[in-house]
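Novice: I'd like to ask some things about the structure below.
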Amino acid sequence: MSTRKPLRLAVVSAGLSVPSSTRLLADRLAETVRSELAAAEREVEVEIIELRDLGVDIAKNFASGFPSPELSEAIESVTSADGLIAVTPVFTASYSGLFKSFFDVIDNDALTGKPVLAAATGGTARHSLALEHALRPLFAYLRAVVVPTAVYAASEDWGGNGDSLTDTLPRRITRAGSELAGLLRDLPGGGGQAVDDASVVPFAEQLSALRPE
Amino acid sequence: MQFGTFSIGDVSPNPTTRRPSTEQERLKAMVAIAVKAEEVGLDVFATGEHHNPPFVSSSPTTLLSHIAAKTSRIILSTSTTLITTNDPVKVAEDYAVLQHLADGRVDLMLGRGNTGPVYPWFGKDVRHGIPLAIENYALLHQLWREEYVDWKGRFRTPLQSFTSVPRPLDGIPPFVWHGSVRSPEIAEQAAFYGDGFFVNNLFMPKDHFRRLIGIYRERYAHYGHGAAEQAIVGAGGLVFLRRNSQDAVREFRPYFDNSPMSGHGPTMEEYMEQTPLIVGSPQQVIDKALTFREHYGDYQRQLFAIDTGGMPQKSVLDTLDLLGEEVIPVLRKETATRRPGTVPQAPTHASLLADRDTLVSLASESSEEAAK
């Protein structure tokens, strides 16, 4: 078992402030996944991608059609990871523009089959369904496998009132983290296969597909 | 190695004066640029094909035929001829007429175009882009090689005993390049036929083009046309040069910044670092252009884009003077020195004719041998 490679976990955080509660949630989720997998004797390499640092490069990619070397490295980290934790603040009732933009510049086949944990933060709990109405369809379109529990943390969740019936963030983090760990624990590790976008269909097949019946 | 220029044929307003040129001025400027290109020693002039504003380049063979009458040596080509939305029968006819009138100084580069609505404007479906390129070229290839064609396909009315006229000059079809910005299917198509493969080498990192060329070379060898390093590769590139690099950078920046292709994204300096763009002195152009072969292998044709974004005709002609005087002669010498003898030159009408005559005389010698 110990001969298996470490699992590679990419963590995308779209928080804008430093420190940010989005990053805080991302770290808590990553730590939970790590400890769940440690219990299963799997090592995890976590790579954090702070989209704030890539904002200008992402905008330039829209204008130029190709990523800068730094952005290219971040995209490679995400697309080649075994699993992904993606966390965004809720802006204007949805994921932030920066968060969406990052996934817009990634090839739309590049996340196919990848286990993903989606999470979001916001000022109040009133926008928590943005996870189900915006993030889950986004990853469904990309044919990623999104774990059933999506975690939303409102400002109030970081405190708590001592009422164990309403202070549920830690439990939701644990549940989501173990769902993602469950999808990852039996993978070979070392990252997923990079999508080979340069594979060639032999010309005879291309031609014969066009022969009239 | 062939050196030339390729033009997209846009009528953008000059960003420094805001003055738009007229369509007629632009078309005549393209002719003047082609004539000057021959005068300063370039080997190829190629025009794009577009069917929407701000372009004037909707009819490549009309333009090239006029240029043919004003030149005597330069090869006339396209960048690209739309193989998807043009009727391959009409392509066969138009380019054969051009080939006769230009005494064989014609080849063409096929492409799918980059403007989605052109497909419906010409009664086609953009989702058929690759299949149209494959089927239409298969027919074009046949029309130029077989006198009587019976043909049935998916996208065009069938043909019975059709003869495309005029027949190619000396029975030698124009050499065909396949241009591709991203599709490995087109690299595969070029390799299958043993045709040339061209990357525009614009606005994208060179690794992107290296991958496509790698597929083409590997598949060229797979189909038995020769070794991978003998495949026929062409590359573009955007170039602006002045005697000293500061002048080049200063003069070019407004064109770069206002270009719909390159502006408002990465800076010109970032583009120079990350893509094949060259802005600088003749020596800088030479140094960077010579690095292309390190990525793409020894290749046969280098076309420079020099006249986009509303650049005035005089400025383009100055660029051509510098290219002709200071850059091309050095590049010719340096690439010739570095190229192994086993790597062929790009086929021309004359070389294809000579190859065929050699084959014919070999065949008649061996039948004479057999008769003895």
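Novice: Counting other beta carbons within 10 Å of each residue's own, what order do B:Phe292, A:Phe139 fall into, fewest first?
Specialist: A:Phe139, B:Phe292
Novice: Separate question: According to the square roots a ≥ b ≥ c of the eigenvalues of the Cα gyration tensor, what is the shape class of the protein assembly as shown, taking rounded for a/c under 1.5, prolate for a/b larger than b/c otherwise, and oblate for the remainder?
Specialist: Prolate.
Novice: Please determine, in degrees from 0 to 90 and to the nearest 10, the orientation of helix B:23-39 with respect to the longest principal axis defined by the Cα atoms of chain B, where the helix direction is its Cα long axis.
Specialist: With both axes taken from Cα atoms, the answer is about 70 degrees.
Novice: Could you tell me how many degrees, from 0 to 90 and to the nearest 10, lie between the Cα long axis of helix A:55-64 and the main elongation axis, the longest principal axis, of the Cα atoms of chain A?
Specialist: Helix A:55-64 sits roughly 20 degrees off the main axis of chain A.
Novice: May I pose another question? Using Cβ contacts closer than 10 Å as the measure, can you line up B:Tyr148, B:Tyr296 from fewest to most?
Specialist: Ranked by crowding around the Cβ, least crowded first: B:Tyr148, B:Tyr296.
Novice: Test of understanding: express the Cα radius of gyration of the stretch B:2-345 as a ratio to 2.2 N^0.38 Å, with N the residue count.
Specialist: Normalised Cα radius of gyration, the stretch B:2-345: 0.96.
Novice: Still on this structure, I have one more. Relative contact order for chain A: what is it in percent, counting Cα pairs under 8 Å that are at least 6 residues apart?
Specialist: Averaging sequence separation for qualifying contacts and normalising by length gives 26 percent for chain A.
Novice: Go ahead and run the numbers for FRET between B:Glu368 and B:Asp170, Cβ-Cβ distance against an R0 of 22 Å, rounding to 0.05.
Specialist: 0.40
Novice: What does the helix-only formula give at 222 nm for chain A: each DSSP H stretch with n ≥ 4 adding -39500 (n - 2.57), the total divided by the residues, and the result rounded to the nearest 500 deg cm²/dmol?
Specialist: Counting only the DSSP helices, I get -11000 deg cm²/dmol.
Novice: To continue, here is another question. Grab the Cα-Cα distance for A:Thr112 and A:Glu132, subtract it from 0.36 nm times how many residues apart they are, and report the gain in nm with one decimal.
Specialist: 5.3 nm
Novice: The stretch A:7-208: percent of C-alpha pairs farther apart than 24 Å?
Specialist: Across the stretch A:7-208, Cα pairs with separations above 24 Å total 41 percent.
Novice: Compute the relative contact order of the stretch B:2-345 as a whole-number percentage, counting only Cα pairs closer than 8 Å that sit 6 or more residues apart in sequence.
Specialist: Averaging sequence separation for qualifying contacts and normalising by length gives 18 percent for the stretch B:2-345.
Novice: Can you work out the Karplus-derived ³J(HN,Hα) for every residue in the stretch A:117-126? Use 6.51 cos²θ - 1.76 cosθ + 1.60 with θ = phi - 60°, whole Hz, and x for glycine or proline.
Specialist: For the stretch A:117-126, the Karplus curve yields 10, 9, 8, 8, 10, x, x, 10, 6, 5 Hz.
Novice: If you take every DSSP beta bridge fully contained in the protein assembly as shown, what fraction is antiparallel? Give it as a percent rounded to 5.
Specialist: Around 10 percent of the beta bridges assigned by DSSP in the protein assembly as shown are antiparallel ones.
Novice: To make sure I understand, if each residue's beta carbon is the centre and we count other beta carbons within 10 Å, what order do A:Glu156, A:Glu179 fall in, fewest to most?
Specialist: The order, fewest Cβ neighbours first, is A:Glu156, A:Glu179.
Novice: Computed FRET efficiency, Cβ-Cβ of B:Ser59 and B:Asp103, R0 25 Å: what is it to the nearest 0.05?
Specialist: It comes to 0.75.
Novice: Check B:Phe240: other-chain or 5+ apart residues with amide H under 5 Å from its amide H, H built from backbone geometry?
Specialist: Here the answer is B:Ile278, B:Val279, B:Gly280, since their amide H atoms fall under 5 Å of that of B:Phe240.
Novice: For the stretch A:7-208, give me the percentage of DSSP beta bridges that are antiparallel, rounded to the nearest 5 percent.
Specialist: The answer is about 10 percent antiparallel.
Novice: In nm, what is the difference between 0.36 nm times the number of residues separating B:Asp87 and B:Arg211 and their Cα-Cα distance?
Specialist: 41.6 nm
Novice: Pop a pseudo-label 7 angstrom from the Cα along the beta-carbon direction at both A:Asp167 and A:Glu70 and give the gap in nm to one decimal.
Specialist: 4.0
Novice: R0 = 51 Å: FRET efficiency of B:Asp357 with B:Asp257, Cβ-based, nearest 0.05?
Specialist: Taking R0 as 51 Å, the efficiency between B:Asp357 and B:Asp257 is 0.45.
Novice: Another one. Give me, ordered by chain and number, the residues 5 or more places off B:Phe3 or on other chains with an amide H under 5 Å from its own placed amide H.
Specialist: Long-range HN contacts for B:Phe3: B:Asp43, B:Val44, B:Gln302.
Novice: Additional query: To test your reading of the geometry: what angle, between 0 and 90 degrees and rounded to tens, separates the Cα axis of helix B:60-70 from the longest principal axis of chain B?
Specialist: 80
None of the figures in this text is laboratory data; all of them are computed from the coordinates on show. Owing to the predicted nature of the structure, the values given are computational and were not obtained by experimental measurement. Cβ atoms come from the backbone with ideal geometry, glycine included; neighbour counts cover every protein chain shown.
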